[in-house]
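Worksheet for the structure shown next.
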Amino acid sequence: MTVRQVRYDAGKWGTGELWLRGERLLHHELPRQGPGGADGDPAAAPFEAYFRGERVSFEEVELELDGSTAFAQALVDALRAVGYGETVTYAELAALAGRPGAQRAAGTFCARNRFPLVLPCHRVVSAGGIGPYGSLGTDYKRRLLELEAARV
């Protein structure tokens, strides 16, 4: 089965991209400013709705997780349980995944997350503040949390 790339319009956020094999999400890029536009693919609809400020659940999005460890799968399940507008610390995420004390491993997992929004690592904060958000930076993470009216 071939991989298809889908672009979606996130309004003032820019254009995001999805890579899918069938209906299974392989990778997701959060929107950035620059040339873009939407492809009109139905798979993009929940992502576009999210950036319009609608409360969206991505629990039905099937993810490509082949080869994941048991701990990685537990982190996936724990992240999917962190609700819209809620936050947890890295230590709390590790505990929810059954490995209290593994907050660094939870942080590493979040840093390598290829499914942002679906696995909402922006909802994971450090014990001392908002914490990092990869190449997009803390301001982007803060904007996502503000979109969800999350308390930080």
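The values are calculated or read from the model by the stated rules, or taken from the named source; none is laboratory data. Just so we're clear, the structure is a prediction, and the values are computed from it rather than from any experiment. Cβ placement follows ideal geometry from the backbone for every residue including glycine, while neighbour counts extend to all protein chains displayed.
Values for this structure:
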| quantity | calculated |
| --- | --- |
| Residue that is modelled with the lowest pLDDT [pool: residues in the stretch 104-142 that are closer than 23 Å to Leu63 by Cα and of a type in the set (S, T, N, Q)] | Ser135 |
| Number of positions in the stretch 122-142 that are over 14 Å from Gly83 (Cβ atoms) and either touching a residue at least 60 places away in the same chain (Cβ under 8 Å) or hydrophobic (A, V, I, L, M, F, W, C) (or both) | 5 |
| Selected residue (criterion: modelled with the lowest pLDDT) from residues of the stretch 63-83 that are under 13 Å from the mean Cα position of the chain (by Cα) and either over 16 Å from Ala106 (Cα atoms) or assigned by TED's automatic domain parsing to the domain that holds Leu18 (or both) | Gly83 |
| Conditions (1) modelled with pLDDT under 95; (2) assigned by TED's automatic domain parsing to the domain that holds Ser135: number failed by Ser57 | (2) |
| In the stretch 16-40, the residues that are more than 19 Å from Leu145 (Cα to Cα) and either touching a Leu at 6+ places or on another chain (Cβ under 8 Å) or crowded, with 20+ Cβ neighbours inside 10 Å (or both) | Leu18, Trp19, Leu20, Arg24, Leu25, Leu26, His27 |
| Filter result for Phe58 (part of a helix (DSSP H, G or I), farther than 18 Å from Thr108 by Cβ, touching a residue at least 60 places away in the same chain (Cβ under 8 Å) and not small (Gly, Ala, Ser)) | no |
| Some residue of the stretch 85-95 being free of Cβ contacts under 8 Å to residues at least 24 places away in the same chain and surrounded by fewer than 16 Cβ atoms within 10 Å (Cβ to Cβ) | no |
| Within the stretch 27-63, considering residues that are charged (D, E, K, R) and out of contact with any strand residue (DSSP E or B) (no Cβ under 6 Å at 6 or more places or on another chain), the one nearest to Gly11 (Cα to Cα) | Arg52 |
| The stretch 84-127, residues that are within 12 Å of the chain's Cα centre (by Cα) and in a loop (DSSP other than H, G, I, E, B) | Tyr84, Arg112, Asn113, Arg114, Phe115, Pro116, Leu117, Val118, Leu119, Pro120 |
| Where Ala149 falls short, out of the listed (1) within 12 Å of the chain's Cα centre (by Cα); (2) surrounded by fewer than 15 Cβ atoms within 10 Å (Cβ to Cβ); (3) touching a residue at least 60 places away in the same chain (Cβ under 8 Å) | (1) |
| Subset tally (residues that are assigned to a loop (DSSP other than H, G, I, E, B), in contact with an Asp or Glu (Cβ under 8 Å, 6 or more places away or on another chain) and within 22 Å of Gly134 (Cβ to Cβ)) for the stretch 1-46 | 2 |
| Enumeration of residues in the stretch 11-25 that are touching a residue at least 40 places away in the same chain (Cβ under 8 Å) and closer than 14 Å to Ala43 by Cβ | Arg21, Arg24, Leu25 |
